[in-house]
Structures are given as structure tokens and as C-alpha cells.
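Please read the structure below before turning to the comments.
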Amino acid sequence: MSGGKRLRLHSSQRTSAIFVAYLVVCGMGVQRFMMVVDQTPVPAPLTKYLTTHALKERGWTVTMITALLPQHDAARTAYVRLPGSALVKLYLRTRVEEVELSEEFLIYQEKAAKAKVRRGSAARTAQHQVLLKQCVQHFRPTYTWPERWCQRSDWQLSLVDVQAFYERWAPKFTDMGHTARQRVLDALHEKNRRLFSKRFLGYLPGPSAPRNSRS
């Protein structure tokens, strides 16, 4: 053909992917056109049986397996044999899928979801308690200020210090709700109240300014 030559290369092997490359040489330069090999993974065929591990990946719990699948359908040796290891229990996929469509399975699944939420809530509460304790332990007010400003009393200045300390710790409380954050702030105020009473003998901390207990 005029203006250039064309060379076509075709793969001779029959595979699931198609690889065709064209190399066009012409007077204006070289152009390449390529179709990328299709490497999409082929899904594995469904197995006849499901193991206990496979059931848990589908959302089953040990309680649900015991109640809804009390007897396994087959067993095999484990791929990794350890001393004293038991046989791997197998459950027919068709049987499992049938149970998963039942109302009883949905009830157990809802109970399991609620239990998971409760465990997560309890874990978060424990973490919040640890963080609250650490925060209060690190709060050590000195009750010394370079100058009196805005005509505030020592008690009012101590409240400013409590708020400033809390705000420095606030980034650690990002996953806390309002109630949990308020507990931290209340604990800081309570510690401040006790320490202030020891530092300024004869004064009782109040909502605005300390008043002399002897007056």
C-alpha cells in the first residue's frame, strides 16, 4: 500500500484472553494500537459443603450453628494436621441456604447483631473510662497566675484553667458522645474543687467566686 507498510500479529494460541497488536508504519511516524490481555479472575465454583469457618463468614455464630445446624453432614481431616486436632465439620450448602431463608434464622441473626452492638458499647465505655482516668490524673493545677485580669477571683481563674485543660484533651475525645464528654469535664471540675479547697483554706468554692467560710 502507498505511504507505508502494515504488519499484523495475531496470537496463535487459543486462550480466554485476546491479544492483538497492530504496528502501523507510515511516513508520518509509528503508531501502536494494543488491546490489553483480559486478566479478570474467574470466580471459583461453589462447593458442595461449607465449613464452620465459612458459616461464620456468612454471619453465623457458634450459638446459631448449635441451634439451627445441630448435626453436620460430613467431615474431613484438616489441611494442617496438628496433634489432637479434630475433624473439620462440613454442612451441605443447600441445607445452609434453606435455613438462612427461615424466620428462625432471622431472629437469631437479629439477636446476634444486638449482642455485637452491646459488646461494642461496653468496650467503648471501658475505653472512655480509661481515658477519663488518664485525663483527670494529668490535671495538676498550680493556682498561680501572672496577673489578675478582668477582675476575676482565684476561683474563677481556676475554672478558666479547667476549661483550657479540657480543650487541650478534647482531640482525644473524638469518638465520645456528649454524655461521655460531660463526664470528663465534671470529673475535672470535681478534682479542681477539692484541690482548690486545700490550696485556699477557709474558702468554699462556689459557682461564681469563693466565699469565706468564716464570714
### Task
Quickly run through the range 156-180 and pick out the residues that are under 28 Å from the mean Cα position of the chain (by Cα), polar (S, T, N, Q) and in a helix (DSSP H, G or I).
T179
### Query
Of all residues in the range 166-183, which are touching a Lys or Arg at 6+ places or on another chain (Cβ under 9 Å) and of a type in the set (D, E)?
D175
### Task
Please go through the range 97-140 and pick out each residue that is outside any helix (DSSP H, G or I) and small (G, A, S).
S102
### Query
If you check V136 against the conditions, is it more than 23 Å from the chain's Cα centre (by Cα), more than 30 Å from T47 (Cα to Cα), aliphatic (A, V, I, L, M) and at pLDDT below 90?
no
### Task
Examine the range 83-93 for a residue that is modelled with pLDDT of 90 or more and either hydroxyl-bearing (S, T, Y) or out of contact with any strand residue (DSSP E or B) (no Cβ under 7 Å at 6 or more places or on another chain) (or both), and state whether such a residue exists.
yes
#### Entry: Evaluation of V25 against (1) surrounded by 10 or more Cβ atoms within 10 Å (Cβ to Cβ); (2) more than 31 Å from the chain's Cα centre (by Cα); (3) at pLDDT 85 or above (one fails), failing number
(3)
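The values are calculated or read from the model by the stated rules, or taken from the named source; none is laboratory data. From a predicted model like this one, the values you see are computed outputs, not experimental measurements. Virtual Cβ from ideal backbone geometry, glycine too; neighbours counted across all protein chains shown.
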